[in-house]
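K.L.:
Sharing a structure, written as structure tokens. Questions coming.
The values are calculated or read from the model by the stated rules, or taken from the named source; none is laboratory data. Fair warning: this is a prediction, and the values are worked out from it, not measured in the lab. Positions of Cβ are backbone-derived with ideal geometry, glycine not excepted, and every protein chain shown enters the neighbour counts. SASA here: full protein model, heavy atoms, side chains in, ligands and nucleic acids out. Shrake-Rupley method; radii C 1.70, N 1.55, O 1.52, S 1.80 Å.
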Amino acid sequence: MRFTKVTLMGAVAGLLAFTASPAVADEVKWKPVDTDSTWHCSDYYHHKGSRNVFFKSCNVVNASNYAQAVLVVQNKASVTINIEGEVTTNFGGHVDCAPSPLGAGATRGCYGPTKYVGPAAIVGSNARLNFNGIDEWLDEAMER
């Protein structure tokens, strides 16, 4: 019986250690942005770190009921800036947006994973932009 108790206690301790480990999000690179009618975005907001840096949160949903969240950043400054961020969703997508320079006048997006959401889903996402060491969050939700 002692072997069973020790084995069971070891299994429970291992399970607790596994479930207590934090999840690690994938880190993705910034890519060009080309929107169409499948993009549902918030308005652009200026980042509190600069009146020349704008960002918005978008949910892209196609006719097959797959969705993807995107953090879009515009640099209207006359200099290159450094950005990083994060995208989270209510449909199983979470990515970290890799630290990256963003040239003057450029627009780039950080794309979360594409996931099936179904025909009647409420699709929601949160996006965080870090610029000049200052974090700012946006939320975007759409009912289908």
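K.L.:
In Å², what does the accessible area per residue of segment 92-135 work out to with a 1.4 Å probe?
P.N.:
43 Å²
K.L.:
Just to confirm a number: summing +1 for Lys and Arg and -1 for Asp and Glu over residues other than PHE55 whose beta-carbon lies under 13 angstrom from that of PHE55, what do you get?
P.N.:
Counting the neighbours of PHE55, the net charge comes to -1.
K.L.:
Would you mind pulling out the separation of the Cα centroids of segment 33-92 and segment 120-144, in Å?
P.N.:
Value for the Cα centre distance between the two parts: 8 Å.
K.L.:
Let me ask something additional. Using 0.36 nm per residue of separation minus the Cα-Cα distance, give me the extension gain between THR38 and SER100 in nm, one decimal.
P.N.:
19.7 nm
K.L.:
Tabulate in residue order the Karplus-calculated ³J(HN,Hα) for segment 35-45, using 6.51 cos²θ - 1.76 cosθ + 1.60 with θ = phi - 60°, rounded to whole Hz; enter x for Gly and Pro.
P.N.:
Using θ = phi - 60°, the values come out as 8, 8, 5, 7, 8, 10, 10, 6, 5, 6, 10 Hz.
K.L.:
For a Förster distance of 25 Å, can you work out the FRET efficiency between the beta-carbons of ASN90 and SER64, rounded to the nearest 0.05?
P.N.:
For R0 = 25 Å, the calculated efficiency reads 0.85.
K.L.:
Mind checking the alpha-carbon convex hull of segment 32-144 and giving the volume per residue in Å³?
P.N.:
Spread over its residues, the Cα hull of segment 32-144 gives 86 Å³ apiece.
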